[in-house]
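Report on the structure given below.
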Amino acid sequence: MAYADPMDAGAAGAAALMAVLNDAVRDFRAYGYEQYLAHRDFVRPRFEGLIPAATSPTVAVGVAYELRYDPPGVQPREAEMYLTLRLCDDAFVVAGDASFDDPQPDDFAGVTQRYLLELPEVRMTDLGECVAMIRRYTARMCAYTSFLDDVGVPRAS
């Protein structure tokens, strides 16, 4: 019986990237659930790992909340926290942000996105550095435990 060749470097790198993204999803799920429990009467969470339409290969992992404390008839708003990884010009680009829909005064139409946390895009070519950056950004974002408080979401009674 012949055995398959051991994993080559590219496959091992892909496995490392998949593993760190899986860890990030797990961490955001735990973070998001804790935040949901603290604000459960006023938010509905969505835990996401997305591959959005983009000009370069992109993946986003994080949590979004539908804000449910506005008066009836008001357009539903969201607060969201995402880490993104893009491949661009043979480099990894990692970034993260936490934002929410901020309604404009009556004389303006629509809603604008307000950012409470913006982690800068970091560009690197080394996979090990990329994995470490994803871990650092995930930890930093999940440490932002006052996010929904800063958005103005009341705490559950």
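The values are calculated or read from the model by the stated rules, or taken from the named source; none is laboratory data. Predicted, not measured: the structure shown is a model, and the values here were computed from it. When we count neighbours, we look across all protein chains shown, and the Cβ atoms used for this are built from the backbone with ideal geometry, even at glycine. To get the accessible areas, we keep the full protein, side chains included, count just its heavy atoms, and leave off ligands, DNA and RNA. Shrake-Rupley method; radii C 1.70, N 1.55, O 1.52, S 1.80 Å.
Can you find even one residue in region 95-114 that is closer than 18 Å to LEU17 by Cα and over 14 Å from the mean Cα position of the chain (by Cα)? I'd like the intermediate steps shown before the answer.
So the first thing to find is which residues in region 95-114 are closer than 18 Å to LEU17 by Cα, and the list is 95-96.
With over 14 Å from the mean Cα position of the chain (by Cα) added as a condition, the list becomes none.
Checked against the condition, which is being closer than 18 Å to LEU17 by Cα and over 14 Å from the mean Cα position of the chain (by Cα), region 95-114 yields no hits at all.
Sort out which residues of region 33-59 are small (Gly, Ala, Ser) and closer than 16 Å to TYR82 by Cα, and write them in order of number. Break it down stepwise before answering.
Initial filter on region 33-59 (small (Gly, Ala, Ser)): 38, 49, 53-54, 56.
Of everything in region 33-59, those that are small (Gly, Ala, Ser) and closer than 16 Å to TYR82 by Cα turn out to be GLY49, ALA53, ALA54.
Could you list, ordered by first residue, the pairs with Cβ atoms under 8 Å in which the first is in region 42-61 and among the hydroxyl-bearing types (Ser, Thr, Tyr) and the second is surrounded by 16 or more Cβ atoms within 10 Å (Cβ to Cβ) and modelled with pLDDT of 90 or more, at least 6 apart or interchain?
SER56/ARG86; THR58/THR84; THR58/LEU85; THR58/ARG86
State which residue is nearest to VAL63 (Cα to Cα) when the search covers only region 97-152 and only residues that are open to solvent by less than 60 Å² (accessible area, probe 1.4 Å), among the β-branched types (Val, Ile, Thr) and at pLDDT 95 or above.
THR138
Considering only region 41-57, how many residues are surrounded by 15 or more Cβ atoms within 10 Å (Cβ to Cβ) and among the β-branched types (Val, Ile, Thr)?
Qualifying residue count for the region: 1.
Within region 43-101, track down each residue that is over 16 Å from GLU121 (Cα atoms), part of a strand (DSSP E or B) and among the basic types (Lys, Arg).
Correct list: ARG44, ARG46, ARG77.
Which residues, taken from region 15-30, are aliphatic (A, V, I, L, M) and either out of contact with any Gly (no Cβ under 8 Å at 6 or more places or on another chain) or farther than 13 Å from ARG136 by Cα (or both)?
ALA15, ALA16, LEU17, MET18, ALA19, VAL20, ALA24, VAL25, ALA30
If PHE28 satisfies every condition in (1) touching a Lys or Arg at 6+ places or on another chain (Cβ under 9 Å); (2) crowded, with 18+ Cβ neighbours inside 10 Å but one, which is the exception?
(1)
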